[in-house]
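Notes follow once the structure below has been shown.
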Amino acid sequence: LNYDATTIPDGYNKARDHGPEFLELWMNTLDAWMAGLHVRDILDLGCGTGRFSQALAARFKARVIGFDPSTKMLSQARDRRSEATVYANATAESLPLHADSVDVVFLSMVFHHFTDRARAAAECHRVLRKGGRVFLRTASSDRISSYPYVPFFPTSRSVLEQRLPSIAVQSEVFQSAGLDRIATTLVVQQIAENYAAYADKLAAGGDSVLASLAPAEFAAGLRSLREAEVGMSAAVVEPIDLLIFEKRA
Ligand SMILES: C[S@@+](CC[C@H](N)C(=O)[O-])C[C@H]1O[C@@H](n2cnc3c(N)ncnc32)[C@H](O)[C@@H]1O
């Protein structure tokens, strides 16, 4: 998907900024799988607006390179960049990096956008140092029934089924590139404190699946979400898969 040809970048941060506790949860989770790894250089591949890049640099005291093909997304990343981060236009299929040059490749919500999955995984393998790890934070077809917006936007289910590969497929792509899978885990993250706040986030238009729905369907879904809010005041959570791979030492 060419994000620059859409309005997704305009609402992305409003839709996906879930606050410091959310970032803390993810940094703690990654940290738990960094044992034994000396992390100097992290590639945030498909970094978008850099919502994870700054946190990665701060938590792991590392240099972070953020690559993304979208100029609109990157310009927002650059607005909040720190000295430890650098951003550039690039796609996963052709990384402008030397072989063996990073310790970690972090990929968040980008696998389903690859145009050539095998090449992207081969590129991750090439740029990783030996013993380095890939962290694939991803959506998958396995979880569609658990994604909280699906019941409110019924046609999103078939779009998700078309677009999201299974965990098995995503895992196989990286293993075929020569990486060892060392873990598959599930992280349950809070994305809104209640359904009204969730509706406001979705209304910002930062989701590529919902952006593909007809405007009338999208509006109807938001309405039903706001009506449902009366009986559903609890926090909104969603499960996100995290797959971890290692380049053999
Ligand atoms: C859902 S956003 C995720 C952004 C960020 N990783 C995050 O979690 O907020 C998907 C991003 O993937 C980027 N993208 C699309 N095709 C790509 C490709 N072939 N290689 C790398 N990034 C790509 C888009 O431009 C977009 O910024």
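The values are calculated or read from the model by the stated rules, or taken from the named source; none is laboratory data. Just so we're clear, the structure is a prediction, and the values are computed from it rather than from any experiment. Neighbour counts are summed over all protein chains in view; Cβ atoms, including those assigned to glycine, are modelled from backbone coordinates with ideal geometry.
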From the list THR6, THR71, THR29, which residue is touching a Ser or Thr at 6+ places or on another chain (Cβ under 9 Å), more than 20 Å from THR138 (Cβ to Cβ) and either surrounded by fewer than 23 Cβ atoms within 10 Å (Cβ to Cβ) or not β-branched (Val, Ile, Thr) (or both)? THR6
All but one of (1) modelled with pLDDT of 95 or more; (2) more than 11 Å from the ligand (Cβ to nearest atom); (3) not small (Gly, Ala, Ser) hold for THR71; which doesn't? (2)
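Rundown of residues vs (1) free of Cβ contacts under 8 Å to residues at least 60 places away in the same chain; (2) farther than 26 Å from ALA228 by Cβ; (3) surrounded by 16 or more Cβ atoms within 10 Å (Cβ to Cβ); (4) of a type in the set (Gly, Ala, Ser), yes/no style:
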residue	(1), (2), (3), (4)
VAL127	no, yes, yes, no
ARG133	no, yes, yes, no
ALA139	no, no, yes, yes
ARG157	yes, no, no, no
SER171	no, yes, yes, yes
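Every residue, every condition in (1) within 25 Å of ARG248 (Cα to Cα); (2) near the ligand (Cβ under 9 Å from one of its atoms); (3) not in a loop (DSSP other than H, G, I, E, B), yes or no:
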| site | (1), (2), (3) |
| --- | --- |
| TYR12 | no, yes, yes |
| MET34 | yes, no, no |
| GLY66 | yes, yes, yes |
| SER75 | no, no, yes |
| TYR87 | no, no, yes |
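Pick out, from region 123-238, the helices (runs of 4 or more DSSP H) lying fully within it that include 1 or more residues that are within 14 Å of the ligand (Cβ to nearest atom). Reasoning before the result, please.
Working: elements: 156-163, 167-176, 195-203, 208-211, 215-228.
In region 123-238, 156-163, 167-176, 195-203, 208-211 are the helices (runs of 4 or more DSSP H) which contain 1 or more residues that are within 14 Å of the ligand (Cβ to nearest atom).
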